[in-house]
Amino acid sequence: MKVTLLGTGTSQGVPVIGCTCKVCRSVDYRDKRLRVSVHLQVGDKSIIIDSGPDFREQVLRERIRTLDALVFTHEHKDHTAGLDDIRAFNFMQQRDMPLYAEERVLKQLKQEFSYIFSGFKYPGIPQVQLHQIGNYPFEVEGVLFTPIQVMHYKLPVFGYRIGDFSYITDVNYISEEEKDKLRGSKVIVLDALRIEKHISHFSLQEAVQLLEELQPEQAYLTHISHLMGLHREVEQQLPDFIRLGYDGLQIEL
């Protein structure tokens, strides 16, 4: 499996519009963060988790030429707003795009992209197949996904484990039962928004504490805001097995 972090930024991205802080003015490419998303290449299957507002730019940057399915963690705009751009894959692959999400998320997609689901199919609109999932393992094009239900303040959100890889964004609480699903992962990518505590995301310290408990071989932090600080400075404070993720980072498992 090859994992590519398409985006590692929070909902506003980095740099933030109008901000002149040292992170937003940084020339380090690792401090340029598009909205959070990840690409999985498992054998010949190409799967993306979340299609945020930067979906088109991310796919072009990584030269992703085929896409077999799109899986959603939850319904917030920074995870869904780029759905329209699957049209290019519809045209190239000549088939509908399978979408996997909870019932609540599918309902939200139908509201926000109502033209996709209209009785009148306007020429050129995205063509999709909806697959409702729950908190139980499911297959995407033969690839086994195990959902990990976490809390994003009061909103239940899915992370996913695929083989030895686990991916969790938008989280401030994980129950012991769900945490057990993470144990034994070789690589974990985990939400860490900023240094200070936040109502709906792990802080840096909270993410590090959880990863030290789970002890994967390697861990990367994602969903990072400009309030985290400069990439090069924050990394110096982390345990050896934990790194900050950055856009375009590739992980081989």
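The values are calculated or read from the model by the stated rules, or taken from the named source; none is laboratory data. It should be emphasised that the depicted structure is a prediction, and the values quoted were computed from it without experimental measurement. In this analysis, Cβ positions are derived from the backbone assuming ideal geometry, glycine residues included, and neighbour counts consider all displayed protein chains. Ligands, DNA and RNA are excluded from the accessible area calculation, which covers all protein heavy atoms including side chains. Shrake-Rupley method; radii C 1.70, N 1.55, O 1.52, S 1.80 Å.
A viscosity of 1.306 mPa s and a temperature of 10 °C, combined with the Kirkwood radius over Cα pairs in Stokes-Einstein, give a translational diffusion coefficient for segment 1-113 of 107 µm²/s. Heavy-atom accessible area with a 1.4 Å probe sorts Asp31, Asp84, largest first, into Asp84, Asp31. Relative to the longest principal axis of the Cα atoms of the chain, the long axis of helix 204-214 lies at roughly 80 degrees.
Compute the Kirkwood hydrodynamic radius of segment 101-191, taking the inverse of the mean of 1/r over all pairs of distinct Cα atoms, and give it in Å to one decimal.
Across segment 101-191, the inverse of the average 1/r is 14.9 Å.
If every alpha-carbon in segment 115-253 counts as one equal scatterer, what log10 I(q)/I(0) does Debye give at q = 0.11 1/Å? Here log10 of I(q) over I(0) equals -0.47.
Using C-alpha pairs under 8 Å with a sequence gap of at least 6, the mean separation divided by the residue count of the chain gives a relative contact order of 20 percent. Axis of helix 103-112 versus longest Cα principal axis of the chain: the two differ by about 70°, to the nearest ten degrees. Of all alpha-carbon pairs in the chain, indicate the percentage at a distance above 31 angstrom. The calculated P(r) of the chain puts 20 percent of pairs beyond 31 Å.
Identify the trypsin sites (Lys or Arg not before Pro) of segment 1-103 meeting these criteria: DSSP loop state and at most 12 other C-beta atoms within 10 Å of the C-beta. For trypsin sites (Lys or Arg not before Pro) across segment 1-103 that sit outside H, G, I, E and B with at most 12 neighbouring Cβ atoms in 10 Å, the list reads Lys22, Arg25, Arg63, Arg65, Arg95.
With the gyration tensor restricted to C-alpha atoms of segment 137-181, the semi-axes of the equivalent ellipsoid amount to 20, 11, 8 Å, longest first.
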